[in-house]
Amino acid sequence: ISMEKTTHIAVIPGLGFSHLVPILNFSKHLVQLHPHFHVTCIVPSLGSLPTASKAILQTLPPSINPILLPPINLNDQPQGTPLLLQIHLAMTRSMQSVHHTLKSITSKTPLVAMIIDGFALEALDFARELNILCYIYFPCSLTTLSTYFYMPKLDEETSCEYKDLPHPIQVPGCLPFHGRDLFSLAHDRTGLFYKLFLQRVKRFPLVDGIFVNSFLEMETGPIRALEEEGRGYPPVHPVGPIVQTGAASTTGLECLTWLDKQQDCSVLYVSFGSGGTLSQEQMNELAYGLELSNHKFLWVVRAPNDAVDAAYLGEQKHVEPLEFLPSGFLERTKERGMVVPSWASQIEILGHGSVGGFLSHCGWNSTIESVVHGVPLITWPLFAEQRMNVVVVREGLKVGVRPRENEKGLVERVEVVEMIRCVMEEKEGGEMRKRMKALKEAAANTLKEHGSSTKTLSQLAFKWKSLACENNVC
Ligand code: UDP
């Protein structure tokens, strides 16, 4: 491919593994399908990047060029600043260097488009200034996106906190859900963060389009509703399911070797995403539940914390997660269970034939990865928009079960055992497994040459290429 034919775009991820890696996976998918593209990835960071994110940046193909921005320092903020506010501040403070980087790139190479995380929306102004198209890459569900669109209206119509609404929230095309299941951005309507969120959402319609990691069979209702309604929103492009391909890490291979020795679909995989944590009490109940279930399990264990999102932006340092397990647990379960401290290569685990169920916090990436590999879920939401994802998985697609909490909000060991039986045992989980298998097939089909997600992306790629040509850069 000669240099003349290259079409250049830039991407700006958000903070955190699950906002950086999905946009990189999207970029990889784009350059793989359309090799004439070149992507510059402008990466904001808060302190040093987590090991797992670094590993991914180091394995990018040559046509994706990462530029790491100087890390942002939030030392002027009080201890315990909420996660969402940390993200907001760090992204805002990164904007000057984003601007500078964009100007320096465009002084040498014309860009046709930039694709940004929702938290990087301030960069939309730079796109306008530089006369380039601007898209959002939304690493959550279409249900969540439709709810974002609906928020200004809901805000106007509601006078109480959403969790106190007497009736479910009905977003067009989506399954109704309870106000307390709404994303955590909207939990405190009097808070600063909610106001910032509303301002941001009101700017969403100004972009040229929004890419979503979802597909028709997974979220038919909201996709159809958006197509029909045309409520003045920008075009929404479902291009998923896009997941990480290939392994980036060489650590944690023992658990794959262990999986090799297990029977097909016999292992429950347990993980709460890139940073979810349980309280010590909840961790004990889960451990005893796994022990009592008599099923095989592979558990990525993180040190307990009462704040569920405590480890999202940084690794837990100087702690040994396994020390928090009930005494004697490792010894008693050594024939049936494998525990991995802090981090494992999830995509490879879910793709392993021995895994038959996934106890997940239902972050959207984990959910999509489970669907791609056809693994039914035990849904255990913790924060962000995870409760809304559970509605999609459990009530919509019926490919997951949800444990009940007791009056203290705790999932007890007997309930854990019950849920494990539901997904792992043929009699109980058979129907769910069939539905998940059908969804897995639909996911594979949408990514084939003539599949809808492939076509959607190709249309955009074609548009960008034509624009680059019009601008005489090819
Ligand atoms: N992940 C992983 N190993 C782990 C934990 C998480 O590879 O031990 C990956 C997982 O495959 C997914 C992402 O981290 O791609 C987590 O994203 P998700 O949206 O599910 O949850 P979040 O991290 O935002 O809570």
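Structural remarks
- Amide H contacts under 5 Å for Phe177, placed H, 5+ residues apart: Ile169, Val171
- As a rough footprinting exposure proxy, the listed residues Phe119, Phe329 were ranked by other beta carbons within 10 Å of their own, and the order from fewest upward is Phe329, Phe119.
- The dipole here belongs to the chain: it is taken about the Cα centre, uses +1 on the Cβ of Lys and Arg and -1 on the Cβ of Asp and Glu, and is about 940 debye.
- Estimated distance in nm for a label pair at Gln459 and Arg180, the labels positioned 7 Å out from Cα along Cα-to-Cβ: 4.2
- Neighbour-count ranking [beta-carbon atoms within 10 angstrom, fewest first] of Lys317, Lys448, Lys455: Lys317, Lys448, Lys455
- For region 377-385, Karplus couplings with θ = phi - 60° (6.51, -1.76, 1.60), whole Hz, Gly/Pro x: 10, 9, 8, 9, x, 10, 8, 6, 9
- Region 63-112 and region 261-276 have Cα centres lying 35 Å from one another.
- Full-stretch length increase - Asp264, Lys54 - with 0.36 nm per residue and alpha-carbon distance subtracted: 72.3 nm
- Only helices enter the 222 nm calculation for the chain: every DSSP H run of n ≥ 4 contributes -39,500 (n - 2.57), and dividing by all residues gives -12500 deg cm²/dmol, rounded to 500.
- Nearest-0.05 FRET efficiency for Gln32 and Asp306, computed from C-beta distance (R0 45 Å): 0.60
- Close amide-amide hydrogen proximity is noted between Gly209 and Ile136, each under 5 Å apart and 5 or more residues distant or on a separate chain (H modeled in the peptide plane; Pro and chain starts excluded).
- Full extension of the chain between Arg203 and Lys427 yields a length gain of 75.7 nm, computed as 0.36 nm times the residue separation minus the alpha carbon distance.
- Rounded, prolate or oblate (a/c below 1.5 giving rounded, otherwise prolate when a/b exceeds b/c) for region 44-154 by Cα gyration tensor: rounded
- Sequence of Ser141, Ser104 once ranked by neighbouring C-beta atoms within 10 Å, starting from the fewest: Ser104, Ser141
- Other-chain or far-sequence residues with amide H under 5 Å of Met338's (modelled H): Phe297, Leu298, Trp299
- Partners for Lys434 among lysines (Cα-Cα distance below 16 Å; same-chain residues under 8 apart left out): Lys398
- Working from label points 7 Å from Cα in the Cα-to-Cβ sense, the Lys103 to Glu320 distance is 5.2 nm.
- Rounded to whole Hz, the Karplus (6.51, -1.76, 1.60) HN-Hα couplings of region 65-77, x for glycine and proline: 10, x, 10, 7, 7, x, x, 8, 10, 10, 5, 7, 8
- Backbone phi angles across region 304-309, fed through the Karplus curve with coefficients 6.51, -1.76 and 1.60 (θ = phi - 60°), yield HN-Hα couplings of x, 7, 6, 8, 4, 9 Hz in residue order; Gly and Pro are listed as x.
Laboratory data are not the source of any read-out in this text; all were calculated from the coordinates shown. If you're wondering where the values come from, they're calculated on a predicted model, not measured in any experiment. Note that each Cβ is placed from the backbone with ideal geometry, even for glycine, and that neighbours are counted across all protein chains shown.
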